[in-house]
Amino acid sequence: MQKEYAILLINILVLLFFFQTLHYFPKFTNFLPAIPNQFASKLARYNYGNEINIGLSDFEIAQSKQYEIELENKYDLTAVLLHWKRTESVKRAVSYLLDCNSFKEIIIWNNNPEINLEKSVLVKNNASLNRIRIINSKENLKDEAKYRVCAEAKTMACFYVDDDWNASFYLKSLIADFRSDPYVLHSATEPYTFYTNLVWTYFDKNIDLHTGFSWIGCGSIFLREYAQRHLQYLQVYLKNNRNLVYLSDVFFSIWLNDIPSQFNINIYGLTGRNSGASFSSSSNFLQYQHQSSILAIRILEHNLRYNQSNATSHLGFVRRSNRRFPYYIKSSSLKDDFIFFTNILPIDIENIPFNISKDFERIKTKFILK
């Protein structure tokens, strides 16, 4: 066995020596096959000697940079947070959001009517006070407040994160992802939840149904107009289920009728995140969540079918998909300086059979690709 390995090693060394010395023997190039003329012109564009070219001209690169600047100016961001009882956690969230310097304004919606939250409690640096706005609510609106506070933004888009998650590890990647495709919801979550979310993806070409689910609490970016429209949807479609308005997040992504762009990454909690009871720890939360997840898709499906009769007297859902790119799985690098992409999905989301009467019976393992 050792003799075989020795022979293999010698062969490899000989080949390496051959390729290293090939350029000293120009006559050997006569033995290389000629490149057909029809390919020569195409390859010339990518051949710059020792340089690596990505296939874009200087003009195209300059054009792309200019487009990026236009996107940054057009889609300024406002960071929005909710405050309940974890004041220290909100302070830490405000701190890292100020440090990243990516937001025109930070708005905090105080859901606790028992206190009057002030800027000086959250920020000690007076120079940062003009970038912060606080809205003190007279009642606890729970999840609905996320969309109300975004609707108050002066920019075209909002970044939202729960006060117990630290999104600073992937914030730049999330912003870059949003600006490349601003008309869909962009979010981040950990692997288990990511794959669970994929199961709640629905397609039916006959009624222009193409939607998916995503939580927004670990960091998400969406257009302000989507938040404003969602508030209208809640008033119209949950008027007989007002107790479910507090779970607005369950309805938001489904009612956009577009597949969200989700980062599949490791997420990190802020220190002290367990102080104060969360909304999800309340009684009957899981029951209401399950009820909401089923109701969300049924309302959307019924509305899309109803629209086929060309009735326009009610508030309808968007029928056209706005995403620019095919669906990819994405993850930011550890240093948040580039994004991994893959179009190899663990679940064949477009071919999951859709039956509105059995949508709650889906078993995800059946649709995982081998």
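The values are calculated or read from the model by the stated rules, or taken from the named source; none is laboratory data. This is a predicted model, so every value here is computed, not measured. Cβ: placed from backbone, ideal geometry, glycine included. Neighbour counts: every protein chain shown.
Annotation: F159 fulfils all but one of (1) surrounded by fewer than 23 Cβ atoms within 10 Å (Cβ to Cβ); (2) among the aromatic types (F, W, Y); (3) modelled with pLDDT of 95 or more; the unmet one is (1).
Here's the yes/no breakdown for (1) modelled with pLDDT of 85 or more; (2) touching a Leu at 6+ places or on another chain (Cβ under 6 Å); (3) closer than 24 Å to E225 by Cα; (4) surrounded by fewer than 15 Cβ atoms within 10 Å (Cβ to Cβ):
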position	(1), (2), (3), (4)
E72	no, no, yes, yes
S89	yes, yes, no, no
I108	yes, yes, yes, no
K119	yes, yes, no, no
N126	no, no, no, yes
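Suppose we filter the stretch 333-350 for residues that are assigned to a strand (DSSP E or B) and touching a helix residue (DSSP H, G or I) at 6+ places or on another chain (Cβ under 8 Å); how many remain? Step through it out loud before you land on a result.
Within the stretch 333-350, the first condition is being assigned to a strand (DSSP E or B), and the residues that meet it are 339-342, 347.
From what's left, touching a helix residue (DSSP H, G or I) at 6+ places or on another chain (Cβ under 8 Å): 339, 347.
Final tally of qualifying residues: 2.
If the condition is being in a loop (DSSP other than H, G, I, E, B), within 21 Å of A151 (Cα to Cα) and among the basic types (K, R), then the stretch 89-130 contributes only K104. Among all residues of the stretch 136-143, there is none that is modelled with pLDDT under 95 and hydroxyl-bearing (S, T, Y).
Which residue is surrounded by the fewest Cβ atoms within 10 Å (Cβ to Cβ), if the candidates are limited to the stretch 136-152 and must be of a type in the set (G, A, S) and not in a loop (DSSP other than H, G, I, E, B)?
Going residue by residue through the stretch 136-152, those that are of a type in the set (G, A, S) are 137, 145, 151.
Subset that is not in a loop (DSSP other than H, G, I, E, B): 145, 151.
Working: A145: 22, A151: 17.
Across the stretch 136-152, the extreme among qualifying residues is A151.
What do you reckon, is G212 at pLDDT below 95 and of a type in the set (G, A, S)?
yes
The residue that is modelled with the highest pLDDT, among those in the stretch 311-329 that are under 22 Å from F222 (Cα atoms) and either in contact with a Ser or Thr (Cβ under 7 Å, 6 or more places away or on another chain) or among the β-branched types (V, I, T) (or both), is V318.
Report the residue count in the stretch 46-64 for those that are exposed (fewer than 10 other Cβ atoms within 10 Å of the Cβ) and either of a type in the set (A, V, I, L, M) or modelled with pLDDT of 75 or more (or both). Matching residues across the stretch 46-64 total 4.
Starting from residues that are closer than 17 Å to L171 by Cβ and in contact (Cβ under 8 Å) with a residue 60 or more places away in the chain, keep the ones in the stretch 98-141 and report whichever is nearest to the chain's Cα centre (by Cα). Only one residue tops the list, namely S102. Note on the stretch 196-244: residues that are of a type outside the set (G, A, S) and over 18 Å from C150 (Cα atoms) total 26. Could you check, for the stretch 179-196, whether at least one of its residues is within 12 Å of the chain's Cα centre (by Cα) and under 20 Å from L295 (Cβ atoms)? Yes, some residue in the stretch 179-196 is within 12 Å of the chain's Cα centre (by Cα) and under 20 Å from L295 (Cβ atoms).
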